[in-house]
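Student: Pasting a structure below so you can have a look.
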Amino acid sequence: MGGGGELTPTSTPSSPSSSSESLPPEFAEYVAVSPVSDDDGSDECCVCDDDEVDAIRYRQLREAKELYFNRQLREAKEIITRYKPGDWVEGVGGAKAGHFLLPEITTLLLVGPRGSGKSTLVNRITRVFDKDDDPFAPARALVSCNSKSNGTIFLREYPIPRNSNAICVYDTRGWSNDPEKNFKILHQWMTKGISHGETTMWDNDEGNKTGDIKPLGRQYSFLGYITRKVNFVIFVVDGVAVLESTDSNNKGYTEILHQTFMYPFLSIGDDKPVVVVTHGDRLSIQQRAHVQKELAELLNIPAQQIYDIPGSDDYQTDMAVLDMLHYCVRHAEQNLPVKLNYHLEVLGRETLNKMAEQLMGLDAVIEVAIIFLCIVILLLRFSDKLVQA
Ligand SMILES: Nc1nc2c(ncn2[C@@H]2O[C@H](COP(=O)(O)OP(=O)(O)O)[C@@H](O)[C@H]2O)c(=O)[nH]1
Ligand SMILES: [Mg+2]
């Protein structure tokens, strides 16, 4: 479940229901067309009573559904794992991937209030791919256990999937209570870039003065990590906090969301960040739909730009993660900066075209002049003959 405005789930694919009405037509190829067979898988007809037939049909449908969902998931995952920077550049106006400054790795920046679930989201995204590659791999990002925790002080780069050199997400520190400080740090990340291990400190950090924290970051500074340009932003919000804020008179949470979301530097080109709603597993389906509607209105974006990705482990959440990554990377590729030499090439081509046009204009002037001259000569000769006559 997730983006694409599907915050109102129908059936939960991870627990297939017995109803065949909601099954997509593609199911047909998975459902056995042969007579209901016995447990041993033989096609021989057995004498079964109605209950047994129902039970076998139910099992077949469930297996068909699982096969179908597994295939969908595999295909969606392959789209992401096959991707390389530049693959999804759209050749508009004759542009080609080679005309753009392609990033070494497409970089997605996670931003959001403290405790909104940014680090949990890193782990949730990773789990989608770990299921195939290494099902027992430990979680990667450090999740805060309580509100007193400082959270993610050091920016961290996480390739997606773990060994990828095509996509990475950056986990960042939750926002300060002072909007000005948030804008300052967001401006810095979005204009100067981000690098693994960079610190983010707030004045009110309890027990950790900047001086105490900086030495801890030395392990990062020795390696001199590459600075990445942000290619797209993922704006993470806590669905429970949104619901509490909209249903009460305390609009603090939604106000800070609105204010920060509208900050122009968070947009890449005209594209505003994608929104991820977490903590949805603590809400009912109706509440989740309500949160999505409220956020769409508050942030003035279509519901398709809002992805419901709780920490829970099911097919719909896996699909929402993959959809969301797909959305981010597609939009990142639509907004890549143009190479300087392409600019020069275009400029050169335009100048040459202009010169050719001018020369063509000159040609026309010369042609007219020659014709005029010919006419004058003819007239002169004609007038000479007239005088002689
Ligand atoms: N139930 C539930 N808890 C979540 C979810 N996302 C985050 N949490 C919890 O919220 C707390 C803060 O999460 P964290 O990822 O550290 O937030 P961050 O500060 O944005 O990185 C942790 O206790 C998480 O376990 C979610 O989708 N559902
Ligand atoms: Mg965190």
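The values are calculated or read from the model by the stated rules, or taken from the named source; none is laboratory data. Only a predicted model underlies this, so the values are computations on that prediction, with no experimental measurement involved. As a convention, Cβ positions derive from the backbone with ideal geometry for all residues, glycine included, and neighbour counts pool all protein chains shown. SASA here: full protein model, heavy atoms, side chains in, ligands and nucleic acids out. Shrake-Rupley method; radii C 1.70, N 1.55, O 1.52, S 1.80 Å.
Student: What ranking of L266, L67 comes out by heavy-atom accessible area, probe 1.4 Å, highest first? Show your work: numbers first, answer last.
Tutor: Working: L266 0, L67 90 Å².
In descending accessible area the options line up as L67, L266.
Student: Below 14 angstrom from the Cβ of A241, what's the summed charge of the other residues (Lys, Arg +1; Asp, Glu -1)?
Tutor: That sum, taken over residues with Cβ under 14 Å, equals 0.
Student: Roughly what would the spin-label model give for D132 and D50, points 7 Å off Cα along C-beta, in nm?
Tutor: It works out to 4.5 nm between the two label points.
Student: Mind scanning K272/K293; K131/K229; K96/K354 and naming the pairs with a C-alpha gap bigger than 22 Å?
Tutor: In this structure, K131/K229; K96/K354 exceed 22 Å between Cα atoms.
Student: Now for a different question. Taking the Cα-to-Cβ direction at R162 and at T351 and moving 7 Å from each Cα, how far apart do the two end points lie in nm?
Tutor: About 5.3 nm separates the two model spin labels.
Student: A further question follows. Could you state the number of Å between the C-alpha centres of segment 347-363 and segment 102-176?
Tutor: 53
Student: Trypsin sites (Lys or Arg not before Pro) within segment 238-319: which are DSSP loop residues with at most 15 other Cβ atoms inside 10 Å?
Tutor: Answer by residue number: K251.
Student: How many nm separate the modelled label positions at N177 and V368, each set 7 Å beyond the Cα in the direction of the Cβ?
Tutor: About 7.7 nm, to one decimal.
Student: Need the full-extension length gain, A139 to Y58, defined as separation in residues times 0.36 nm minus the C-alpha distance. One decimal, nm. Can you show the working numbers first?
Tutor: Values: separation 81, 0.36 × 81 = 29.16 nm, distance 3.59 nm.
Full extension from A139 to Y58 adds 25.6 nm.
Student: Given a cut-off of 24 Å, what percent of all Cα-Cα pairs of segment 100-334 lie beyond it?
Tutor: 43
Student: Sequence gap at least 6, Cα distance under 8 Å: using those rules, report the relative contact order of segment 100-334 to the nearest whole percent.
Tutor: Numbers: 362 pairs, mean separation 52.2, N = 235.
It rounds to 22 percent for segment 100-334.
Student: Counting Lys +1, Arg +1, Asp -1, Glu -1, what net charge surrounds A139 among other residues with beta carbon under 14 Å of its beta carbon?
Tutor: Computed value for this residue: +3.
Student: Ranking request for peptides 72-84, 226-238: highest mean number of other beta-carbon atoms within 10 Å first, then the rest in descending order.
Tutor: Ranking the peptides 72-84, 226-238 by packing returns 226-238, 72-84.
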